[in-house]
Amino acid sequence: MTTTTCPFCAVGCGLVLDVAGGRVAGVAPERAHPVSRGQLCAKGWNAAQFLASPERLTRPLLRRNGRLEPVPWDVALATAAAALATARREGGSDAVGVVASARATNEDAFAAMKFARAVLGTNNVDHCARVCHAPSVAGLRRTLGSGAMTNPIADVDETDCLLVVGADVTENHAILGARILAAHERGVPLLVVDPRRTRLARAADVHAQIRLGTDIAFVNGMLHAIFAHGWEDGAYLDARCENVDALRSSLARWTPDEAARVTGVPAATIVDAARLYAASRRGWLAYGLGVTQHVSGTETVIALSNLALVTGNVGVVGGGVNPLRGQNNVQGACDMGALPDVYPGYQPVDDPAVRRRFESAWGVALPSAPGLTSLAMQHAAYDGRLKTLLVIGEDPVVTDPGGRFVARALGRLDCLIVAELFLTETAKIADVVFPAASFAEKDGTFTSTERRVQRVRRAVAPPGEAWSDWEMLEALAMRCGRPMGLRDPAGVFAEMAALTPIYGGMSHARLEASGGLCWPCPTATHPGTPRLHEAGCVRGRGRLIPVDQTPPAELPDAEYPLQLTTFRLHHQYGSGSMTRRAPLLERENPRGLVWIHASDAARRRITTGAPVRVRSRRGEVTTRAVVSDDVPPGVVAMPYHFAEASPNLVTNDALDPIARMPELKVCAVAVEAC
Amino acid sequence: MLESRAPVDRIRRVLALDRRVIEPRPVDGAPAWVATGGEGAFAWSTPAPLAGVKGWLVPLREAVLAWDDRGTMRPVVPHPERIALVGLRACDLAAIAHLDAHFGADPWYRARRAAAFLVGLDCPQACAGGFCLEVDAGPFARAPFDLNLTALPDGRVVVAWGTAAGVAALHGAGVATAPVDHATALLLAELAARAAASFPVRSYVTRGLARMNAAPAGRAIADEEWQALGPRCLACTGCTSLCPTCTCFTVVDQPVGAGGTRARVWDSCLLEGFQREASGHHPAPHPGDRVRRFWYHKLSRDFAGPTGRLGCVGCGRCDVACPGTIGALGVLAALGGER
Amino acid sequence: MNPVAACAEFAATLPHAARIASIHDEAEDTRTFVLRLAPPVPALDAACPGQFVMLSLLGYGEAAFTLAHLPRAGAASGTVTLTVRRVGALTRALFACEVGRPAGVRGPFGRGFPVDGADRPTIYVAGGCGLAPLRSAIDGQLRMRPAGTPVAVLYGARTPQSRILRASLADWRARPDVALFETVEDAAPGWRGRTGVVTGHVAEAVATVRAERAALCGPPGMLREAAAALGAAGLPPDAIHVALERYMKCGTGLCGHCYVNDRYVCRDGPVFSYAELLARPDAFGAGEAPRA
């Protein structure tokens, strides 16, 4: 019996692994867990299935004569170290980069960050937060001073109104989504803003089915109505916010009628939503990738922050601006500084005082300029500026936008090094592949979406010669001639905590108890901080920043008349490397589907189950249709888990100018029967 | 009857000589079935763990066939470890009766079942969320146990044996049992009555069960009621995983090199893929249809076991596990007009 | 448990080893596979029309198929004949197989069509691939019936090209003692048979042979409508026998996939009398209760 943390979404449910004969024989929920309270979603219940898959990588692989062949660790490490050294000699330190994993532990992410900066001498380190919540980090840091979920999940039970924007919570964060449904059943009003009719939208008191990418118009329309009716929290604005007048005057044109014209949602619905949210004493606002994965992602986050501040909902029980992080440890990977511009705890790399502290701790000179984002590293690889890339536990070939560009770009590297559980699409084109240990095979911590740092515990030995990422990175650092001195997970955590004020009071020992601790937790006696900004915003006053509606980078036209959006399924996770090895999960959704409204389907003689082609300016994909009123006319929707029918062959890689987030949530496509 | 609780510990230690003794113990703040080796004193008051004992008798994954590189097939014969499950509550024993009836002819089940020694422990009072009384599965145990224990308030223990193996275990431990005298029999009856009286009155359970079993079979409850419950099912498979009487499995071939294995893996009828046919036709296409099918199987007399008991043993685990609040009591509350 | 006996108990669950002996194209995406078992399996040789087997392809699992031809209806001993439509992972793999490829067969399972009653005028109603399971019932009755017992076969398909078992159809069409009604939903130019779904032709086919009993196989929607039409044409529900299909994993009443209300399709069926189905609202699927 090993109590640990679920390796799937970022809710951070407690999981008990039943071990028999050296294998994980079963999974049970942790009844005493403060968040999941004895429940799991389908992914959690099936967490044991992928562990023992015979497809697990058990030996390092090296490309020889075009084929990946098993080799001893020594050989794989030597090859990787030599490739890194060659790239740095020929192209400088910034000719190499590291993509860390949002699925591995904090200890692994810290090791990856330290490896990039202290061993390779580059700030080229990033991870998949780039394609999920980079705009949350950027936006909320500007308005509130901290880019994370402000309020705990438990506040769902303490609120008077639930507002969910661009998040399919019952499917992607099921245990949280169910808690929202239960609160709604008890009578708490539920407002959902989503172009798709999600399960929550169908249950909601108000479903604002906005046009794709018109979130800012909708929120500004709500704000206009709030100020027009005097529903704002004047005392809160006076005491705790700044820039109120600038915001108020910027809203002049966003009358509910104008917002209705842009969003397609009736003006009366916008006013209703404003009234319900603003008139409730406390409103818990949550949002997901429907907000962030746009060219205006950061500005949309700012708009939501404006809405919460104007109604006095930041820093209070039952309120908050709550970005729902996607992966089990994407919050942690951000916290660990696996980002090109910050060290652990969001300490800027271009702040000389901060840099000196890390330089003295590690005894090396560190680079001062922010590095490349993961997508910029792909472009640099394509241009020949980046020569060797280490990718840990991510599958950008499937999950990143821009058609076949990602595989082509990675293909131009002198050396692609991948650490993985399985031979993913990205691993298949690698030159060196390291077999990685899974969550059940190592010790460490994950940080959940609500900043809750929890223990991950080793239940079984890794298969074959698989190693934890931090072990691999330490071995590679030694090969590079610069050992990092990482000895064990508790030691890695201690080193990190000493350098990271928000984790400063935590240690593995303190995290033993169920539920762990929420950061910030600066001292060894600090009880942790489930709720941020209670004594005023982290940055001082909450900053209101006027933002205006920016249309999606690509709008439908005669040639590509429909809009494609992407989403996730309850029974799959990311690129499916884990969930697709669980037979029940893999059976649940036939691989690759596109949801289409009956009116659009009829015009194209498409029926449910029929093969269809989805084309955009960037590529095309063949998949099968689901005729459904989950999507409105003019919109089609695809889940992105399936490499054989990946919407990312057609999605747009236009970027949010601030967070460099690609617009995965909307592009123009043509759909036809085939 | 035993004059004190001490002989029970002797029985446990003797069982541990040639079996793995598995008992409920608190682990990280919640009870779990743990291999104790019979060490220490028996934890008389540890509540029933959320995860039951089904996995020992019907593993999550049971390999049944292997083939080699020439395609030659052989059965995978299990070599189950001899175990003693000590402290099984009445609900879990009633569930094992169901498993016995369902899998009675299945050699894999028979092998695992034959290797398991069952020791029951009667519940002196209702547990939170349990409703075994309403479905005739507890709180005092009936078959199938090898031994069953009823703790008396004065420290004595009434021990009942259900099999020759149970008797042999008593003898092996050198435990002398005195016959239950008249006064003790009266005390036992009073304890049973007190245990029964400790259950909260849930009239909706009776009403819900009556509606499930009203004629015409399966049609007494309007479809709209089930369809209203449908969206609350997230298809997480929690209820079916924890349900001690859920037996459905799928069969999965796992190629390994040129050979491979075929295994049964726990399945869940709440999944859309459970009944989807290759043609795309689905006999239970809506979530509400699947919710109905599941609860019909648990709560209808049509699936009552050989003892006449329902497929639901009232353990309440599904109510804990269900994120959508439609575990057994949740559903009965809906059917019984309580929500 | 005696170890040797125990091992025998496990071994008895293994599929019988078989090889694909012949493959015959029936229609687009439909083929008939004949498998040869060496040595022959008496139980399979004795199988009844409507019974099914679990066909095993190592690496792809098992799927249930109703026997399409039987030794008792003239097939060779030691053979298993399956007419299969390519619709799922296992059938895709099967279609990629060539003659000689090893496979496994478990069965026969379930309750088939009644074997007595060959002397009674009978109508067989089939839709699409549903003709395959009825073939051995039809041929069986043709072999065993007293001369002159009228038999009608009513077969509906989507298009003329999608009709299967064309050789059997030609055989029945040529026989004066079989009344064959063929209908298609999408008639191609040159189609001279009937059009529309089978239900529209039930009354006429029943009247033609004065049918006293019926056997049905096909997609669930067709079964529901055709069974109701047979009832309306005067056949008593207990004289109408319907072959149901469900996704199933074991064939022996254990895996739990196939139960319909209180009955297991694998063990209690797959052939049920319409009288049984009328008491079971889920027979044709949720919300599609059989109509009296």
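Laboratory data are not the source of any read-out in this text; all were calculated from the coordinates shown. What you are looking at is a predicted structure, and each value in this text was computed from that prediction instead of being measured. Using ideal geometry, Cβ is built from the backbone for each residue, glycine included, and neighbour counts are taken over all protein chains shown.
Report the relative contact order of chain C, percent, no decimals, based on alpha-carbon pairs under 8 angstrom and at least 6 residues apart. Walk me through the intermediate numbers first.
Working: 644 pairs, mean separation 47.9, N = 292.
In percent, rounded to a whole number, it is 16.
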Q: With both partners inside chain C, how many of the DSSP beta bridges are antiparallel, as a percent to the nearest 5?
A: 60
Q. Which value, in Å to one decimal place, does the Kirkwood hydrodynamic radius take for the range C:122-278 when every pair of different Cα atoms is included?
A. 16.1
Q. How far is the Cα center of the range B:210-241 from the Cα center of the range A:130-161, in Å?
A. 38
Q | Among A:GLY411, B:GLY316, B:TRP108 - extreme Cα towards positive end, dipole of the protein assembly as shown, charges at beta-carbon | A | B:TRP108
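From the mean inverse distance of alpha carbon pairs (Kirkwood) and the Cα radius of gyration, derive Rg over Rh for the range A:9-163.
Details: Rg = 21.1 Å, Rh = 19.9 Å.
Ratio value, two decimals: 1.06.
Using only the Cα atoms of the range A:47-126, what semi-axes does the equivalent ellipsoid have when each is the square root of 5 times a gyration tensor eigenvalue? Give whole Å, largest first. Let's see the in-between values first.
Values: eigenvalues 131, 82, 18 Å².
The equivalent ellipsoid of the range A:47-126 has semi-axes of 26, 20, 9 Å.
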Q: List, largest first, the extents of the alpha carbons of the range A:386-439 along their principal axes, each in whole Å.
A: 30, 22, 15
Q: Quick one: of A:LYS387/A:LYS428; B:LYS54/B:LYS298; A:LYS442/A:LYS665; A:LYS43/C:LYS249; A:LYS428/A:LYS665; A:LYS387/A:LYS442, which pairs are farther than 25 Å apart, Cα to Cα?
A: A:LYS442/A:LYS665; A:LYS428/A:LYS665; A:LYS387/A:LYS442
Q: Starting from the Cα of C:ALA76, move 7 Å in the Cα-to-Cβ direction to define the label point; list residues of the range B:40-84 whose amide nitrogen is under 16 Å from there.
A: none
Q. For the protein assembly as shown, taking Cα atoms only, what is the radius of gyration to one decimal and the Dmax to the nearest whole Å?
A. 32.9, 105
Q: Would you calculate, for the protein assembly as shown, the mean residue ellipticity at 222 nm contributed by helices, counting each DSSP H stretch of 4 or more residues as -39,500 (n - 2.57) and dividing by all residues, to the nearest 500?
A: -8500 deg cm²/dmol
Q. Under a point spin-label approximation (7 Å from Cα along Cα-to-Cβ), what is the C:ALA292-B:SER4 distance to one decimal in nm?
A. 7.0
Q) Within chain C, which cysteines find no other Cys whose Cβ is under 4.7 angstrom from their own? A) C:CYS7, C:CYS48, C:CYS97, C:CYS129, C:CYS217, C:CYS258, C:CYS266
Q) Could you give the alpha-carbon Rg of the range B:104-157 over 2.2 N^0.38 Å, rounded to two decimals? A) 1.44
Q: Mind putting a number on the dipole of chain B about its Cα centre? Charges go on the C-beta only, +1 for Lys and Arg and -1 for Asp and Glu, and I need it in Debye to the nearest 20.
A: 160
Q) Can you tell which of B:GLY87, B:GLN227, C:HIS241 lies farthest toward the positive end of the dipole of the protein assembly as shown, using +1 and -1 charges on the Cβ of basic and acidic side chains (Lys, Arg; Asp, Glu)? A) C:HIS241
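In terms of the ratio Rg/(2.2 N^0.38 Å) built on C-alpha atoms, what value belongs to chain B? Working shown, then result.
Numbers: Rg = 21.5 Å, N = 339, 2.2 N^0.38 = 20.1 Å.
So the Cα radius of gyration is 1.07 times the expected 2.2 N^0.38 Å.
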Q.
Show me, bin by bin at 10 Å from 0, the whole-percent P(r) of the range A:586-635 based on Cα pairs.
A. 26, 54, 20, 0
Q | Mean-position separation - Cα centroids, the range B:1-64 and the range A:330-408, in angstrom | A | 51
Q. Over chain A, what is the percentage of antiparallel beta bridges among all DSSP beta bridges, to the nearest 5?
A. 50
Q: Kindly state, to the nearest 0.05, the FRET efficiency for C:PHE95 paired with C:THR195, given R0 = 35 Å and r defined as their beta-carbon distance.
A: 0.70
Q. When the gyration tensor of the range A:489-625 is built from Cα positions, what are the square roots of 5 times its three eigenvalues, in whole Å, from largest to smallest?
A. 47, 25, 13
Q.
What distance in nm lies between label points placed 7 Å from Cα along the C-beta direction at B:ALA192 and C:ALA12?
A. 3.8
Q. Hey, if you drop one equal point scatterer on each alpha-carbon of the range B:203-335 and run the Debye formula without solvent, what base-10 log of I(q)/I(0) do you get at q = 0.09, 0.11, 0.13, 0.14 Å⁻¹?
A. -0.29, -0.42, -0.58, -0.66
Q.
Based on the alpha carbons, how large is the Rg to Rh ratio for the range C:1-154 when Rh follows Kirkwood?
A. 1.01
Q) Where does chain C land on Rg/Rh, using Cα atoms and the Kirkwood Rh? A) 0.97
Q. Which value, in debye to the nearest 20, describes the size of the charge dipole of the range A:1-113 about its Cα centre when Lys and Arg Cβ atoms bear +1, Asp and Glu Cβ atoms bear -1, and nothing else is charged?
A. 240
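Per the Kirkwood treatment, what hydrodynamic radius in Å, one decimal, follows for the range A:243-342 from the mean inverse distance over all distinct Cα pairs?
15.6
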Q.
Quick one: the Cα spread of chain A along its three principal axes, in angstroms, biggest first?
A. 69, 63, 51
Q.
At a threshold of 8 angstrom on Cα-Cα distance, excluding pairs fewer than six apart, so keeping six or more, what relative contact order does chain A reach in percent?
A. 21
Q. Mind checking the log10 I(q)/I(0) for the range B:1-76 at q = 0.13, 0.20 Å⁻¹? Debye, one equal scatterer per Cα, no solvent, two decimals.
A. -0.57, -0.94
Q: Would you mind working out the magnitude of the charge dipole of the range B:207-339 relative to its Cα centre, with +1 at each Lys and Arg C-beta and -1 at each Asp and Glu C-beta, to the nearest 20 Debye?
A: 340
**Q.** Antiparallel DSSP beta bridges within the protein assembly as shown, percent to nearest 5
**A.** 60
Q: Give me the number: length gained by fully extending A:ARG202 to A:ARG603, i.e. 0.36 nm times residue separation minus the C-alpha to C-alpha distance, one decimal in nm.
A: 141.8 nm
Q | Spin-label pair A:GLU534/B:ALA220, simplified geometry with 7 Å Cα→Cβ offset, distance in nm | A | 5.2
Q: Determine, from the Cβ-Cβ distance of A:TRP73 and A:ALA509 and an R0 of 30 Å, the FRET efficiency 1/(1 + (r/R0)^6), rounded to the nearest 0.05.
A: 0.45
**Q.** the range A:2-45 - Debye-derived log10 I(q)/I(0), Cα point model, q = 0.18, 0.31, 0.33 Å⁻¹
**A.** -0.45, -1.11, -1.21
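Under the definition of Cα pairs under 8 Å and six or more residues apart, what whole-number percent is the relative contact order of the range C:122-278? Show your work: numbers first, answer last.
Working: 282 pairs, mean separation 35.1, N = 157.
Answer for the range C:122-278 is 22 percent.
FRET efficiency for A:ALA268 and C:ALA279, Cβ-Cβ distance as r, R0 = 56 Å, nearest 0.05?
Working: r = 51 Å, r/R0 = 0.92.
The calculated FRET efficiency here is 0.65.
How much of the calculated P(r) for the range A:416-531 lies past 17 Å, in percent of all Cα pairs?
On the way: 4171 of 6670 pairs.
Roughly 63 percent, once rounded to a whole number.
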Q) Toward the positive end of the charge dipole of the protein assembly as shown, about the Cα centre and with charges on Cβ (Lys, Arg +1; Asp, Glu -1), which of C:GLN161, A:ALA138, B:GLN254 goes farthest? A) C:GLN161
Q: Using only C-alpha atoms and all pairs of different ones, pull out the Kirkwood radius for the range C:37-114 in Å with one decimal.
A: 12.9
